[in-house]
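Visitor: Questions regarding the structure given below will be posed in turn.
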Amino acid sequence: MCPSVSGGVTDRGRLGGWVRGGCRWKIGSMYLPACLGDFLRAQRRRVRPEDIGLSTSAARRRVPGLRREELARLAGISPDYYARIEQGRARRVSRSVLEALAGALLLDGVQRAHLYWLAQRATPSPPGSGMRRIATSLTALPVVVIDRRLNVIEWNPPGRALLAWHLRDSPAEPGRRTGTGPRQGTGLRTGAGLRPNLARMLFLDPRTRSLFGRWHQEAAHVVARLRHAAREHPQDHDLTALIADLVLDSPEFAELWRRPAPAGAEHPDAGDPTRFEHPLAGRLTLSAAVLECCDGSGERAVVFSAEPGSASQRALELILARLPGRPQCNVR
């Protein structure tokens, strides 16, 4: 029987009662692959399809929780590969696959750490945690942290005031399901675990569209970014669903998506400064520095800044001055 050990401490409750007979632990980790499969099987049965946005038929399901093929699809891997993992036949499961499985199974910190231990992998820091610290620590510049699907993971108050002054709620908590599933509307809802999505906002929200002085240039940039992500992650179910929704909901996105990739699309973050037409501060032109997370999560922090002493700098200061808790001043 596999002991539920995390740092030498048994914690059956938080691990979902996964301990079962028939899976032995031995010094040297000889039986850990079987224990990994046993753990995944128990966690898979714990998650209800409706918990992760899957529609279920009225017919009675033969197994509790998720089916193997459902979990494989959510994690972006083939059903055959997932079956080999669960059966203990896969060698050295990669960190990216483990992270995808942890997200699909809604594992908490203890469960996630144990998953990595069973797979004989060092537990990484929470994905993008460094990016989020950048966003929350910078107070004088707008920062937005996004994933490869352009979901907003975090933004600081200046970033929100610049890009989403009209949103009422803040982005969803890290680890909660994002709003990239089919037919989620404009991506402006942030309740019930949904995050804003910059691509949806740009193509489907009139206020976001009017924010960009060179909208067509920004639209081409977003399409290039999604095209790059789709090429790098062809089995990302949520990314595929997002692109399909945008093709259906936005004729302009569909037209750009059908066109051949232009020169320079291999580096979609390279580009000219962004021109904004902000309703509170007027016109401003900001440069964007992109910081890529090196943990394989695809999360990036985009930091906007203005030329010192320019009219854009004064406009940015006007946005900052209107933030709650900031001393009010006259910005000319």
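The values are calculated or read from the model by the stated rules, or taken from the named source; none is laboratory data. This is a predicted model, so every value here is computed, not measured. Note: ideal-geometry Cβ built from the backbone for every residue, glycine included; neighbour counts use all protein chains shown. Please note that ligands, DNA and RNA were not included when accessible areas were found on the heavy atoms of the full protein model with its side chains. Shrake-Rupley method; radii C 1.70, N 1.55, O 1.52, S 1.80 Å.
Visitor: Can you confirm whether residue 83 is within 14 Å of the chain's Cα centre (by Cα), open to solvent by less than 30 Å² (accessible area, probe 1.4 Å) and modelled with pLDDT of 85 or more? If you could, list the steps in order and put the result at the bottom.
Guide: Details: within 14 Å of the chain's Cα centre (by Cα): no; open to solvent by less than 30 Å² (accessible area, probe 1.4 Å): yes; modelled with pLDDT of 85 or more: yes.
No, not satisfied.
Visitor: Okay, next question. Looking at 67, 46, which is the one that is under 23 Å from residue 116 (Cβ atoms) and either open to solvent by 20 Å² or more (accessible area, probe 1.4 Å) or modelled with pLDDT of 75 or more (or both)?
Guide: Exactly one of 67, 46 is under 23 Å from residue 116 (Cβ atoms) and either open to solvent by 20 Å² or more (accessible area, probe 1.4 Å) or modelled with pLDDT of 75 or more (or both), namely 46.
Visitor: Select, from 258, 332, the only residue that is open to solvent by 20 Å² or more (accessible area, probe 1.4 Å), of a type in the set (D, E, K, R) and either at pLDDT 90 or above or touching a His at 6+ places or on another chain (Cβ under 6 Å) (or both).
Guide: On the way: 332 fails: either at pLDDT 90 or above or touching a His at 6+ places or on another chain (Cβ under 6 Å) (or both).
Step by step, each of 258, 332 is checked, and only 258 is open to solvent by 20 Å² or more (accessible area, probe 1.4 Å), of a type in the set (D, E, K, R) and either at pLDDT 90 or above or touching a His at 6+ places or on another chain (Cβ under 6 Å) (or both).
Visitor: Another question, then. Inside the range 203-216, can you point out the residues that are open to solvent by less than 60 Å² (accessible area, probe 1.4 Å), over 13 Å from residue 257 (Cβ atoms), free of Cβ contacts under 8 Å to residues at least 60 places away in the same chain and part of a helix (DSSP H, G or I)? Give the steps one after another, and end with the answer.
Guide: Let us first name the residues in the range 203-216 that are open to solvent by less than 60 Å² (accessible area, probe 1.4 Å), namely 203-205, 208, 211-213, 215.
Imposing the further condition that a residue be over 13 Å from residue 257 (Cβ atoms) reduces the set to 204-205, 208, 211-213, 215.
Next cut, free of Cβ contacts under 8 Å to residues at least 60 places away in the same chain only: 204-205, 208, 215.
Passing the criteria: 204, 208, 215.
Visitor: Any idea how many residues of the range 248-262 are farther than 12 Å from residue 204 by Cβ and either within 16 Å of the chain's Cα centre (by Cα) or not basic (Lys, Arg) (or both)?
Guide: Initial filter on the range 248-262 (farther than 12 Å from residue 204 by Cβ): 254-262.
Filter once more, so that each one left must be either within 16 Å of the chain's Cα centre (by Cα) or not basic (Lys, Arg) (or both): 254-257, 260-262.
Residues meeting the conditions: 7.
Visitor: Okay, moving on. Residue 219 versus (1) modelled with pLDDT of 85 or more; (2) among the hydrophobic types (A, V, I, L, M, F, W, C); (3) in a loop (DSSP other than H, G, I, E, B): which is the lone unmet condition?
Guide: Every condition holds for residue 219 apart from (3).
Visitor: Answer yes or no: is there a residue in the range 236-243 that is closer than 22 Å to residue 281 by Cβ, part of a helix (DSSP H, G or I), open to solvent by 70 Å² or more (accessible area, probe 1.4 Å) and at pLDDT below 95. Even if it seems obvious, please write down each step before you answer.
Guide: From the range 236-243, those closer than 22 Å to residue 281 by Cβ are none; that's our starting set.
Checking the range 236-243: not a single residue is closer than 22 Å to residue 281 by Cβ, part of a helix (DSSP H, G or I), open to solvent by 70 Å² or more (accessible area, probe 1.4 Å) and at pLDDT below 95.
Visitor: Here's another thing I want to ask about it. Pairs only if they're at least six apart or on different chains, beta carbon under 8 angstrom, first in the range 227-245 and under 15 Å from residue 97 (Cα atoms), second in a helix (DSSP H, G or I); list them, first residue then second.
Guide: Listed pairs, sorted by first residue: 233/239; 236/229; 236/230; 237/73; 237/74.
Visitor: Would you check if residue 295 is at pLDDT below 90, closer than 29 Å to residue 158 by Cβ and either among the hydroxyl-bearing types (Ser, Thr, Tyr) or in a helix (DSSP H, G or I) (or both)? Spell out how you get there, then give the answer.
Guide: Values: at pLDDT below 90: yes; closer than 29 Å to residue 158 by Cβ: yes; either among the hydroxyl-bearing types (Ser, Thr, Tyr) or in a helix (DSSP H, G or I) (or both): no.
Here the answer is no, as residue 295 does not meet what is asked.
Visitor: Criterion first (more than 15 Å from residue 120 (Cα to Cα) and modelled with pLDDT of 85 or more) does residue 12 satisfy it? Before the answer, list the steps.
Guide: On the way: more than 15 Å from residue 120 (Cα to Cα): yes; modelled with pLDDT of 85 or more: no.
No, not satisfied.
Visitor: Have a look at 252, 317 and point out the one that is modelled with pLDDT under 95 and of a type in the set (D, E, K, R).
Guide: Numbers: 252 fails: modelled with pLDDT under 95.
Only one candidate passes the filter, namely 317.
Visitor: Give the number of residues within the range 61-117 that are free of Cβ contacts under 8 Å to residues at least 24 places away in the same chain and assigned to a helix (DSSP H, G or I).
Guide: Residues in the range 61-117 being free of Cβ contacts under 8 Å to residues at least 24 places away in the same chain and assigned to a helix (DSSP H, G or I): 15 in total.
Visitor: Could you list, in sequence order, the residues of the range 151-165 that are open to solvent by 10 Å² or more (accessible area, probe 1.4 Å) and either under 13 Å from residue 319 (Cα atoms) or under 9 Å from the mean Cα position of the chain (by Cα) (or both)?
Guide: Of the residues in the range 151-165, the ones open to solvent by 10 Å² or more (accessible area, probe 1.4 Å) are 154-155, 157, 160-161, 163, 165.
157, 160, 161, 163, 165, listed by residue number.
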